[in-house]
Amino acid sequence: MSDHPFPIHQHISQNSGTGPNAQASAVISIEKGIPMPPAKGRGVAGGRPEIYPWNKMKIGDSFLFPALRDHRSAYSAAYQATKNSQGKKFQVRKTSDGYRCWRVA
């Protein structure tokens, strides 16, 4: 009896190389020296420009979000920027002009 908490099942397919499962037996070759293309995300490493100026902001700086379909978008963007940055914190407040984001740390 195994000490594993769940039953372990091993399925080995005997494939002759023909029929609907023929590709399951294809050999995948490992290649060396192929350069990886750059990431396509936003920001410095990515190919698209940043939407909001998170990386340019100093403590006390703020910006007004452009017209948003939903105010939760502003809060979500600031939350993600705080989560993804190292030590930077952003807060959003509703003002008479719209939703504004401040860098607070």
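Bear in mind that the values in this text are calculations on the coordinates, not laboratory data. Note that the coordinates shown come from a computational prediction; the quantities given were computed from them, not determined experimentally. Methodologically, a virtual Cβ is constructed for each residue, glycine included, from the backbone with ideal geometry; neighbour enumeration extends over all protein chains shown.
Tell me, 54, 102 in order of fewest to most beta-carbon neighbours within 10 Å? Provide the component values of the computation, followed by the final result.
Numbers: 54 21, 102 16.
If I rank by nearby Cβ atoms, fewest first, I get 102, 54.
Starting from the Kirkwood Rh over alpha-carbon pairs, what translational D in µm² s⁻¹ does segment 57-105 have by Stokes-Einstein at 20 °C and 1.002 mPa s? Working shown, then result.
Numbers: Rh = 10.9 Å.
The estimated diffusion coefficient comes to 197 µm²/s.
Given a Förster distance of 30 Å, report the FRET efficiency between residue 104 and residue 68 from their Cβ-Cβ distance, rounded to the nearest 0.05. Working shown, then result.
Details: r = 21 Å, r/R0 = 0.69.
Efficiency computed from Cβ-Cβ geometry: 0.90.
Any idea how far apart residue 91 and residue 32 come out in nm if each label point goes 7 Å out from Cα toward Cβ?
About 5.5 nm separates the two model spin labels.
Order these by the 10 Å Cβ neighbour count, fewest first: 27, 104, 92. If you can, show how the numbers build up before the last one.
Working: 27 4, 104 12, 92 20.
Fewest-to-most Cβ neighbours within 10 Å comes out as 27, 104, 92.
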